[in-house]
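Report on the following structure.
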Amino acid sequence: MTIFNGKVVDEKKFSKKLDNTLIVTTSDDALVPLTEWEFGESEESLQLPGFKVVRDNKSDCKRRFKIICSVLVIVTTFVSAACLGYFMHRGLNSHKPFVDTVHVRFHEYIRRSEGHDTPESRIDGGFFEQVEIQWKGKQYEKIGVPFFIDVKRATVVHDFVHIWTAIVDHDNSQCFVIPLNQSITFPPEVFMEYLLKHRDEYKVPSFKVERQVHRVVTPPLENLLELGDIIATDCHFYNTYKLVRADEPFAMSKRFACRFSGDTYSLGGAGYPALLLIALDGCL
(Lines give C-alpha, C1' and ligand atoms only; values in the text may rest on other atoms or scores of the structure.)
Protein backbone atom coordinates (compact mmCIF):
# COMPACT_ATOMS: atom_id res chain seq x y z
CA MET A 1 0.00 0.00 0.00
CA THR A 2 1.21 3.55 -0.73
CA ILE A 3 0.02 6.96 0.46
CA PHE A 4 0.19 9.82 -2.03
CA ASN A 5 0.58 13.44 -0.89
CA GLY A 6 2.52 15.12 -3.64
CA LYS A 7 5.07 12.33 -3.47
CA VAL A 8 5.01 8.56 -3.21
CA VAL A 9 5.87 7.06 0.16
CA ASP A 10 6.68 3.40 0.51
CA GLU A 11 4.96 1.71 3.47
CA LYS A 12 8.19 -0.08 4.39
CA LYS A 13 9.87 3.23 5.17
CA PHE A 14 7.52 4.00 8.07
CA SER A 15 9.86 3.76 11.05
CA LYS A 16 9.32 6.61 13.48
CA LYS A 17 7.00 5.90 16.41
CA LEU A 18 4.10 8.28 16.95
CA ASP A 19 2.39 6.97 20.05
CA ASN A 20 -1.13 8.09 20.83
CA THR A 21 -1.58 9.86 17.45
CA LEU A 22 -4.71 9.46 15.36
CA ILE A 23 -5.73 10.38 11.88
CA VAL A 24 -9.24 11.74 12.17
CA THR A 25 -11.53 12.27 9.21
CA THR A 26 -12.68 15.84 8.68
CA SER A 27 -16.24 14.62 8.92
CA ASP A 28 -15.38 13.01 12.35
CA ASP A 29 -16.94 9.78 11.17
CA ALA A 30 -14.13 7.53 12.29
CA LEU A 31 -10.85 7.38 14.16
CA VAL A 32 -7.99 5.60 12.40
CA PRO A 33 -4.82 5.01 14.52
CA LEU A 34 -1.49 5.92 12.92
CA THR A 35 1.31 3.98 14.60
CA GLU A 36 4.33 4.53 12.41
CA TRP A 37 5.27 7.26 10.01
CA GLU A 38 8.29 8.70 8.29
CA PHE A 39 7.36 12.20 7.34
CA GLY A 40 9.94 13.54 9.52
CA GLU A 41 9.87 16.76 11.38
CA SER A 42 6.36 17.25 12.74
CA GLU A 43 2.82 16.08 12.63
CA GLU A 44 1.93 19.04 10.41
CA SER A 45 4.19 17.70 7.66
CA LEU A 46 1.73 14.87 7.10
CA GLN A 47 -0.85 16.28 4.69
CA LEU A 48 -3.49 13.82 3.56
CA PRO A 49 -6.63 14.90 1.68
CA GLY A 50 -9.70 14.68 3.92
CA PHE A 51 -7.70 13.92 7.11
CA LYS A 52 -6.08 15.80 9.92
CA VAL A 53 -3.61 14.67 12.61
CA VAL A 54 -4.57 15.08 16.31
CA ARG A 55 -3.11 13.96 19.62
CA ASP A 56 -5.12 11.40 21.66
CA ASN A 57 -4.96 13.04 25.13
CA LYS A 58 -7.04 10.30 26.70
CA SER A 59 -4.46 7.65 25.87
CA ASP A 60 -1.73 9.97 27.15
CA CYS A 61 -3.46 10.15 30.55
CA LYS A 62 -3.79 6.38 30.70
CA ARG A 63 -0.10 5.95 29.98
CA ARG A 64 0.90 8.43 32.70
CA PHE A 65 -1.49 6.79 35.15
CA LYS A 66 0.10 3.38 34.53
CA ILE A 67 3.57 4.80 35.11
CA ILE A 68 2.51 6.45 38.38
CA CYS A 69 0.86 3.25 39.58
CA SER A 70 3.99 1.23 38.77
CA VAL A 71 6.17 3.64 40.71
CA LEU A 72 3.78 3.53 43.70
CA VAL A 73 3.79 -0.28 43.68
CA ILE A 74 7.60 -0.37 43.68
CA VAL A 75 7.88 2.20 46.47
CA THR A 76 5.22 0.42 48.56
CA THR A 77 7.02 -2.90 48.11
CA PHE A 78 10.33 -1.49 49.31
CA VAL A 79 8.73 0.26 52.29
CA SER A 80 6.82 -2.89 53.28
CA ALA A 81 9.98 -5.01 53.04
CA ALA A 82 11.90 -2.51 55.17
CA CYS A 83 9.15 -2.42 57.85
CA LEU A 84 8.89 -6.21 57.89
CA GLY A 85 12.65 -6.54 58.33
CA TYR A 86 12.62 -4.00 61.16
CA PHE A 87 9.82 -5.67 63.12
CA MET A 88 11.30 -9.15 62.58
CA HIS A 89 14.65 -7.93 63.89
CA ARG A 90 12.94 -6.25 66.84
CA GLY A 91 10.89 -9.36 67.63
CA LEU A 92 13.90 -11.71 67.48
CA ASN A 93 15.88 -9.51 69.83
CA SER A 94 13.10 -8.64 72.26
CA HIS A 95 13.21 -12.10 73.96
CA LYS A 96 9.48 -12.13 74.58
CA PRO A 97 8.55 -14.55 77.35
CA PHE A 98 6.81 -17.86 76.79
CA VAL A 99 3.20 -17.65 78.05
CA ASP A 100 0.84 -20.57 78.47
CA THR A 101 -2.00 -22.00 80.54
CA VAL A 102 -1.03 -25.19 82.36
CA HIS A 103 -3.24 -27.92 83.76
CA VAL A 104 -1.91 -29.08 87.13
CA ARG A 105 -3.14 -32.34 88.62
CA PHE A 106 -2.42 -33.25 92.23
CA HIS A 107 -3.28 -35.80 94.89
CA GLU A 108 -2.93 -35.86 98.67
CA TYR A 109 -3.24 -38.60 101.27
CA ILE A 110 -5.01 -37.55 104.47
CA ARG A 111 -6.33 -39.29 107.55
CA ARG A 112 -9.99 -38.78 108.31
CA SER A 113 -9.38 -39.23 112.05
CA GLU A 114 -6.47 -39.23 114.49
CA GLY A 115 -4.46 -42.35 115.07
CA HIS A 116 -1.74 -44.10 113.09
CA ASP A 117 -3.97 -47.11 112.56
CA THR A 118 -6.48 -45.04 110.59
CA PRO A 119 -6.10 -45.68 106.84
CA GLU A 120 -5.25 -42.74 104.61
CA SER A 121 -7.66 -41.54 101.99
CA ARG A 122 -6.48 -40.19 98.66
CA ILE A 123 -7.93 -36.91 97.42
CA ASP A 124 -7.41 -35.97 93.80
CA GLY A 125 -7.78 -32.50 92.33
CA GLY A 126 -6.57 -30.12 89.69
CA PHE A 127 -6.46 -26.51 88.56
CA PHE A 128 -5.24 -24.32 85.74
CA GLU A 129 -2.38 -21.88 86.28
CA GLN A 130 -1.01 -19.10 84.09
CA VAL A 131 2.69 -19.44 83.34
CA GLU A 132 5.15 -16.86 82.04
CA ILE A 133 8.73 -18.01 81.37
CA GLN A 134 11.67 -15.83 80.32
CA TRP A 135 14.59 -18.07 79.40
CA LYS A 136 16.96 -15.41 77.98
CA GLY A 137 18.48 -12.41 79.69
CA LYS A 138 16.48 -11.93 82.89
CA GLN A 139 15.69 -15.57 83.57
CA TYR A 140 12.54 -15.94 85.61
CA GLU A 141 9.27 -17.85 85.93
CA LYS A 142 5.95 -16.35 86.95
CA ILE A 143 3.16 -18.70 87.93
CA GLY A 144 -0.37 -17.53 88.60
CA VAL A 145 -1.81 -19.97 91.14
CA PRO A 146 -5.60 -19.86 91.71
CA PHE A 147 -7.63 -20.76 94.79
CA PHE A 148 -7.80 -24.52 95.43
CA ILE A 149 -8.58 -26.55 98.56
CA ASP A 150 -7.23 -24.35 101.42
CA VAL A 151 -4.65 -22.50 99.29
CA LYS A 152 -4.80 -18.73 98.76
CA ARG A 153 -4.51 -17.20 95.31
CA ALA A 154 -1.07 -15.70 94.50
CA THR A 155 1.56 -15.16 91.85
CA VAL A 156 4.82 -17.05 92.38
CA VAL A 157 8.01 -15.52 90.93
CA HIS A 158 11.21 -17.56 90.58
CA ASP A 159 14.19 -15.30 89.83
CA PHE A 160 17.08 -17.44 88.57
CA VAL A 161 19.49 -14.51 88.37
CA HIS A 162 19.21 -13.32 91.99
CA ILE A 163 18.19 -16.77 93.32
CA TRP A 164 14.97 -15.76 95.11
CA THR A 165 11.39 -16.98 95.09
CA ALA A 166 8.56 -14.57 95.86
CA ILE A 167 4.91 -15.25 96.72
CA VAL A 168 2.97 -12.17 95.62
CA ASP A 169 -0.46 -11.95 97.27
CA HIS A 170 -2.25 -9.21 95.32
CA ASP A 171 -5.50 -9.75 97.19
CA ASN A 172 -3.94 -8.83 100.53
CA SER A 173 -1.17 -6.53 99.22
CA GLN A 174 1.71 -8.51 100.69
CA CYS A 175 4.75 -10.49 99.52
CA PHE A 176 6.77 -13.31 101.04
CA VAL A 177 10.23 -14.33 99.86
CA ILE A 178 12.38 -17.41 100.35
CA PRO A 179 15.68 -18.48 98.74
CA LEU A 180 15.14 -20.20 95.41
CA ASN A 181 15.54 -23.96 95.76
CA GLN A 182 17.14 -24.83 92.41
CA SER A 183 17.38 -28.52 93.26
CA ILE A 184 13.60 -28.94 92.99
CA THR A 185 12.73 -26.14 90.56
CA PHE A 186 13.10 -26.58 86.83
CA PRO A 187 15.25 -23.92 85.12
CA PRO A 188 13.28 -21.81 82.59
CA GLU A 189 14.36 -23.71 79.46
CA VAL A 190 13.75 -27.12 81.06
CA PHE A 191 10.40 -26.00 82.44
CA MET A 192 9.31 -24.72 79.03
CA GLU A 193 10.31 -27.99 77.36
CA TYR A 194 8.42 -29.88 80.06
CA LEU A 195 5.25 -27.85 79.44
CA LEU A 196 5.46 -28.31 75.66
CA LYS A 197 5.88 -32.05 76.15
CA HIS A 198 2.81 -32.27 78.41
CA ARG A 199 0.44 -29.98 76.52
CA ASP A 200 -2.10 -32.79 76.38
CA GLU A 201 -3.82 -32.59 79.78
CA TYR A 202 -4.28 -36.36 79.81
CA LYS A 203 -0.49 -36.78 79.85
CA VAL A 204 0.13 -34.38 82.75
CA PRO A 205 1.49 -36.31 85.75
CA SER A 206 -0.23 -35.97 89.10
CA PHE A 207 1.85 -34.18 91.75
CA LYS A 208 1.85 -35.39 95.29
CA VAL A 209 1.04 -32.59 97.73
CA GLU A 210 3.87 -31.79 100.13
CA ARG A 211 3.25 -29.33 102.97
CA GLN A 212 5.99 -27.28 104.63
CA VAL A 213 5.53 -25.00 107.65
CA HIS A 214 7.18 -21.57 107.55
CA ARG A 215 7.23 -18.56 109.82
CA VAL A 216 7.23 -14.89 108.88
CA VAL A 217 10.20 -12.73 109.77
CA THR A 218 9.13 -9.27 110.93
CA PRO A 219 9.38 -6.34 110.35
CA PRO A 220 9.03 -6.17 106.53
CA LEU A 221 12.09 -5.63 104.34
CA GLU A 222 13.07 -2.06 103.58
CA ASN A 223 15.42 -2.58 100.60
CA LEU A 224 13.78 -4.74 97.95
CA LEU A 225 16.55 -4.17 95.40
CA GLU A 226 18.60 -6.92 97.06
CA LEU A 227 15.92 -9.31 95.79
CA GLY A 228 16.45 -8.25 92.16
CA ASP A 229 14.48 -5.94 89.90
CA ILE A 230 11.88 -8.56 88.89
CA ILE A 231 10.68 -9.24 92.44
CA ALA A 232 11.26 -5.64 93.55
CA THR A 233 8.94 -4.46 90.78
CA ASP A 234 6.17 -6.94 91.60
CA CYS A 235 6.37 -6.24 95.36
CA HIS A 236 7.12 -2.54 95.17
CA PHE A 237 3.86 -1.34 96.75
CA TYR A 238 3.50 -4.24 99.22
CA ASN A 239 4.98 -5.11 102.58
CA THR A 240 7.50 -7.84 101.87
CA TYR A 241 8.56 -10.44 104.44
CA LYS A 242 11.15 -13.18 104.51
CA LEU A 243 10.08 -16.71 105.40
CA VAL A 244 12.06 -19.34 107.30
CA ARG A 245 11.20 -22.97 107.84
CA ALA A 246 9.63 -23.70 111.22
CA ASP A 247 12.12 -26.52 111.95
CA GLU A 248 15.12 -24.18 111.88
CA PRO A 249 16.52 -23.32 115.35
CA PHE A 250 16.09 -19.60 114.77
CA ALA A 251 12.40 -20.07 113.93
CA MET A 252 11.69 -22.36 116.88
CA SER A 253 12.77 -19.96 119.61
CA LYS A 254 10.96 -16.72 118.90
CA ARG A 255 7.60 -17.63 117.46
CA PHE A 256 4.49 -15.55 118.25
CA ALA A 257 1.01 -15.55 116.77
CA CYS A 258 0.24 -13.01 114.09
CA ARG A 259 -2.27 -12.24 111.39
CA PHE A 260 -0.53 -14.52 108.88
CA SER A 261 -1.06 -17.65 110.95
CA GLY A 262 -3.09 -20.27 109.13
CA ASP A 263 -2.52 -18.90 105.60
CA THR A 264 -1.34 -21.41 103.00
CA TYR A 265 0.23 -20.71 99.60
CA SER A 266 1.37 -22.95 96.77
CA LEU A 267 4.54 -22.56 94.72
CA GLY A 268 2.66 -24.01 91.76
CA GLY A 269 3.48 -26.85 89.40
CA ALA A 270 6.88 -25.49 88.39
CA GLY A 271 8.51 -28.84 87.84
CA TYR A 272 8.52 -29.94 91.43
CA PRO A 273 8.52 -33.66 92.13
CA ALA A 274 5.69 -32.66 94.44
CA LEU A 275 3.22 -29.80 94.65
CA LEU A 276 4.79 -27.75 97.42
CA LEU A 277 2.43 -25.92 99.80
CA ILE A 278 3.75 -23.29 102.23
CA ALA A 279 1.76 -23.05 105.47
CA LEU A 280 2.42 -19.99 107.63
CA ASP A 281 2.57 -20.64 111.35
CA GLY A 282 3.16 -17.42 113.24
CA CYS A 283 5.80 -14.70 113.08
CA LEU A 284 9.31 -14.07 114.42
**Message:** Show me the trypsin sites (Lys or Arg not before Pro) within the stretch 202-284 that DSSP assigns to loop and that have at most 15 other Cβ atoms within 10 Å of their Cβ.
**Reply:** LYS254, ARG255, ARG259
**Message:** Please report the carbon-and-sulfur percent of the accessible area for the stretch 109-180; probe 1.4 Å, protein heavy atoms only, DNA, RNA and ligands left out.
**Reply:** 50 percent
**Fill in**
Here the gain from full extension of ARG63 to VAL99, 0.36 nm per residue of separation minus their alpha-carbon distance, amounts to 7.6 nm
**Message:** Using amide H atoms built in the peptide plane, which far-off residues or other-chain residues are under 5 Å from ALA154 H to H?
**Reply:** VAL145
**Fill in**
Here the stretch 229-243 yields Karplus 3J(HN,Hα) values (6.51, -1.76, 1.60; θ = phi - 60°; whole Hz; Gly and Pro given as x) of 5, 5, 5, 4, 5, 5, 9, 4, 9, 10, 5, 10, 10, 7, 10
**Complete:** Beyond 27 Å, the calculated P(r) of the stretch 126-284 holds a percent of Cα-Cα pairs equal to 21 percent
**Request:** Please list the non-local residues whose amide H lies under 5 Å from the amide H of HIS214, H modeled 1.01 Å from N, same-chain partners needing a gap of 5 or more.
**Result:** ALA246, ALA279, LEU280, ASP281
**Request:** Could you do me a favour and compute the accessible area per residue for the stretch 106-225, 1.4 Å probe, result in Å²?
**Result:** 57 Å²
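The values are calculated or read from the model by the stated rules, or taken from the named source; none is laboratory data. Just so it is clear, the structure is predicted and the values come from calculations on it, not from any experiment. No Cβ is skipped: glycine too gets one built from the backbone with ideal geometry, and neighbour counts run over all protein chains shown. Heads up: the accessible areas ignore ligands, DNA and RNA and are worked out on the full protein's heavy atoms, side chains in. Shrake-Rupley method; radii C 1.70, N 1.55, O 1.52, S 1.80 Å.
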